[in-house]
Amino acid sequence: MIEGRRIWLTGASSGIGAHMAKELLQRGTRLALTARTLGPLVALSERFPGQVLLVPGDLTDHLQVREIGMTIAQSWGALDTVILSAGTCEYVDVSQFDARVIERSVCTNLLASSYCIESALPLLRAGRTPHLVGIVSAVTASPQRRAQAFGAAKSGLRYLLESLRVDLADEGIDVTLVSPGFVDTSRAENPELSIQGRWPASKAAAYICQQLQKRPREVVFPTRLLKLLNLLATLPKRVQVVLAKRLSRRQGETSL
Ligand SMILES: NC(=O)c1ccc[n+]([C@@H]2O[C@H](COP(=O)([O-])OP(=O)(O)OC[C@H]3O[C@@H](n4cnc5c(N)ncnc54)[C@H](OP(=O)(O)O)[C@@H]3O)[C@@H](O)[C@H]2O)c1
């Protein structure tokens with residue numbers, strides 16, 4: 001039963017997170033929404049009056065995240081679900097390797113998520129059938145060209161969540177990882193522009209929301225791509241390098 005659940009959703013201003021927010025609000029949940037851009041969050045709170053708690057902020061700022069946690073605690077006293085969707089993707093130009101790209105990616109995709117987890121855990125402990133959800137990426141299945149920064153950060157997030165699952169099981173807190181492959185977040189509203197094999201963000205969000213109700217350990221899509229990446233990971237390293245180059249050329253190196 002999802003209606004009435006108190007959910008903190010990060011990354012709610014665009015892409016998968018924005019579509020998930022709409023899906024979840026339509027299903028009657030209460031949502032605490034975070035992103036730096038306030039406009040889309042306000043639009044949702046006006047469209048779904050009484051269901052939205054606005055908790056905007058920069059999640060890479062530890063203090064801001066603590067304040068967000070305090071606001072949720074004062075307003076709701078507990079959280080039933082936390083969905084960490086906020087993230088960024090920057091590609092590395094290996095010919096001019098710049099460690100700041102790695103730093104930014106780790107900061108937004110890994111450290112910010114750990115700040116959120118710090119604020120959320122006491123609230124989840126007070127919640128009903130608590131559920132912690134983090135969006136990682138299919139890229140962690142095998143190394144891909146130019147994905148060094150994004151892949152390193154998301155691999156770290158994967159380990160963080162999977163090891164938390166082991167410790168939190170005793171407390172009855174379920175942990176689910178979501179591993180998207182290619183989601184067309186910028187052009188989701190126009191299916192004609194979708195590149196073959198990509199899912200529009202609306203489809204990805206609907207699928208994630210539906211799957212989360214079953215509380216699986218992982219939600220993966222599109223499954224064909226994931227099977228391909230998992231198969232790639234079992235091959236000898238030199239074959240992986242050749243195939244990863246071909247795959248990135250076919251997919252346009254724009255996502256994962
Ligand atoms: N699209 C894909 O193909 C794909 C594939 C694999 C994994 N993923 C993951 O899925 C999640 C959603 O991706 P998306 O494509 O929907 O991304 P998106 O459209 O770029 O949206 C990213 C969201 O994160 C928020 N965000 C970024 N930095 C933030 C910060 N410092 N503080 C607070 N909020 C921040 C953004 O809000 P503001 O800018 O307003 O702060 C925005 O709401 C991400 O974790 C991404 O890594 C996506």
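For region 108-145, a tally of residues being in a loop (DSSP other than H, G, I, E, B), crowded, with 21+ Cβ neighbours inside 10 Å and of a type in the set (A, V, I, L, M, F, W, C) returns 1.
Taking (1) over 20 Å from the mean Cα position of the chain (by Cα); (2) crowded, with 19+ Cβ neighbours inside 10 Å in turn, Ser75 satisfies each apart from (2). Inspect region 14-21 for any residue being more than 16 Å from the ligand (Cβ to nearest atom), open to solvent by less than 40 Å² (accessible area, probe 1.4 Å) and either within 19 Å of the chain's Cα centre (by Cα) or farther than 30 Å from Arg145 by Cα (or both) and give the result as yes or no. There is no residue in region 14-21 that is more than 16 Å from the ligand (Cβ to nearest atom), open to solvent by less than 40 Å² (accessible area, probe 1.4 Å) and either within 19 Å of the chain's Cα centre (by Cα) or farther than 30 Å from Arg145 by Cα (or both). One residue stands out among those in region 27-46 that are within 8 Å of the ligand (Cβ to nearest atom) and of a type in the set (Val, Ile, Thr): the one that is farthest from the chain's Cα centre (by Cα), which is Thr37. If only residues of region 47-69 that are more than 12 Å from the ligand (Cβ to nearest atom) and free of Cβ contacts under 8 Å to residues at least 12 places away in the same chain are counted, the one that is least open to solvent (accessible area, probe 1.4 Å) is Gly50.
Just for region 184-207: of the residues that are assigned to a strand (DSSP E or B) and open to solvent by 10 Å² or more (accessible area, probe 1.4 Å), which one is modelled with the highest pLDDT?
Pro200
Of all residues in region 78-98, those that are open to solvent by 50 Å² or more (accessible area, probe 1.4 Å) and either near the ligand (Cβ under 10 Å from one of its atoms) or more than 21 Å from the chain's Cα centre (by Cα) (or both) total 7.
Considering (1) at pLDDT below 95; (2) under 22 Å from Ala86 (Cα atoms), the lone condition that Thr234 does not fulfil carries the number (2).
Against the numbered list (1) without any contact (Cβ under 8 Å) to a residue 60 or more places away in the chain; (2) away from the ligand (no atom under 12 Å from the Cβ); (3) hydroxyl-bearing (Ser, Thr, Tyr); (4) buried (at least 18 other Cβ atoms within 10 Å of the Cβ), Ser105 comes up short only at (2).
The values are calculated or read from the model by the stated rules, or taken from the named source; none is laboratory data. Because the structure is a prediction, the values reported are computed rather than measured. Neighbour counts run over all protein chains shown; Cβ positions are idealised from the backbone, glycine included. Each accessible area value is taken on the protein alone, full model and side chains, heavy atoms only, with ligands, DNA and RNA left out. Shrake-Rupley method; radii C 1.70, N 1.55, O 1.52, S 1.80 Å.
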